[in-house]
Amino acid sequence: MRGSSWWTREASVAACAGLGLLLAALTARPAAAQQIRWAAVAVSPTTLDSGESHAQDSQADADRLALQSCQGVGAKDCKAVNSVVNQCVALAIKLDPNYFGYGMGPTREGAAAQALAACGNEGEGGVGCRLELSPCSTDDVRWAAPLPLPPGGTPGSVDPSLVGYWKLYVNSGIWVWEISVNGTYTFHSEATDGTLPHNGTFTASNGKYTLHSVSMQWDDQGTYTLPSASVMVGVGKLGKGTWYKIASDPGYVEPASKH
């Protein structure tokens, strides 16, 4: 997971203090009319390195920061491919041959679906493409924009007790994990640890789970216990961690707390 464990170790969890919850970013909605905010994505056509920006006051700032983010990973030919005001924008890529597509819309899910459909050679319908970025104008500028739940999954493959939003305390804030009833998940960090958002498929039953990311190279399997309805203790290949349920219904969004 690019330098960060999926389950942080219990000793670390116990010692950490969490920041306030910022789940409003998960289902970003258009900002109020008087609050104009921009989001943008940039991509290198040759390397498919990419970058994004969100919650910016102008299109120029959004494009500039997205380009800087893309160039920061080493690409020399990055270009801003789309910027939106009070909406969401998404980028999907396909390797071998290199191809990309982008989409926009009032929701993260809608922009992502459009980007996947636009990615790929004509007539392929996005086969072999994966979603890379999906920032919304209303995302909190302090954190990397989350990804939406991916398409697919297997309904009935998840223990109903696990469906919902969960948080895990880490050194500089919290991680947020959404588990869907259809066998998919999405994860993002609201901490200053640089952990990247990702999503994929998830199964869980009889105290055992499997996880497969479709947006980065990460697979895990392990065990889980539920000491109570709001606490899950998971043990995976990188250690043990305690997650606390935020909401049972993935459609629920808890208001952002004040710092």
Looking at Val170, Val176, which is the one that is buried (at least 23 other Cβ atoms within 10 Å of the Cβ) and out of contact with any strand residue (DSSP E or B) (no Cβ under 7 Å at 6 or more places or on another chain)? Val170
Does the range 146-157 contain at least one residue that is under 18 Å from Ala62 (Cα atoms) and within 15 Å of the chain's Cα centre (by Cα)? yes
Is it fair to say Val181 is aliphatic (A, V, I, L, M), modelled with pLDDT under 95, over 28 Å from Gly72 (Cβ atoms) and outside any helix (DSSP H, G or I)? yes
Restricting attention to the range 68-79, report how many residues are crowded, with 20+ Cβ neighbours inside 10 Å and either touching a residue at least 60 places away in the same chain (Cβ under 8 Å) or more than 18 Å from Trp143 (Cβ to Cβ) (or both). 3
Which ones in the range 207-229 are without any contact (Cβ under 8 Å) to a residue 40 or more places away in the chain, closer than 17 Å to Val158 by Cβ and either among the basic types (Lys, Arg) or not in a strand (DSSP E or B) (or both)? Gly207, Lys208
Within the range 93-122, work out how many residues are buried (at least 22 other Cβ atoms within 10 Å of the Cβ), more than 17 Å from Val214 (Cα to Cα) and touching a Gly at 6+ places or on another chain (Cβ under 7 Å). 1
Within the range 70-99, the count of residues that are of a type outside the set (A, V, I, L, M, F, W, C) and touching a Leu at 6+ places or on another chain (Cβ under 9 Å) comes to 5
Can you name the number of the only condition in (1) farther than 25 Å from Lys94 by Cα; (2) in a helix (DSSP H, G or I); (3) among the polar types (S, T, N, Q) that Thr138 fails? (2)
May I ask you to list pairs of residues, at least six apart or on different chains, whose Cβ atoms are under 7 Å apart, with the first in the range 188-200 being in contact (Cβ under 8 Å) with a residue 40 or more places away in the chain and the second being surrounded by fewer than 23 Cβ atoms within 10 Å (Cβ to Cβ) and of a type in the set (Lys, Arg)? Leu196/Arg2
Matching residues, the range 90-113, being under 16 Å from Ala80 (Cβ atoms) and over 17 Å from the mean Cα position of the chain (by Cα): Phe100, Gly101
Considering only the range 190-197, I want to know if a residue exists there that is outside the structural domain of Pro97 (by TED's automatic domain parsing), under 28 Å from Ser69 (Cα atoms), out of contact with any Leu (no Cβ under 9 Å at 6 or more places or on another chain) and crowded, with 21+ Cβ neighbours inside 10 Å. yes
Surrounded by fewer than 19 Cβ atoms within 10 Å (Cβ to Cβ), within 24 Å of Trp175 (Cβ to Cβ) and in the same structural domain as Ser205 (by TED's automatic domain parsing): is that true of Pro155 in this structure? no
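The values are calculated or read from the model by the stated rules, or taken from the named source; none is laboratory data. Just so it is clear, the structure is predicted and the values come from calculations on it, not from any experiment. Virtual Cβ from ideal backbone geometry, glycine too; neighbours counted across all protein chains shown.
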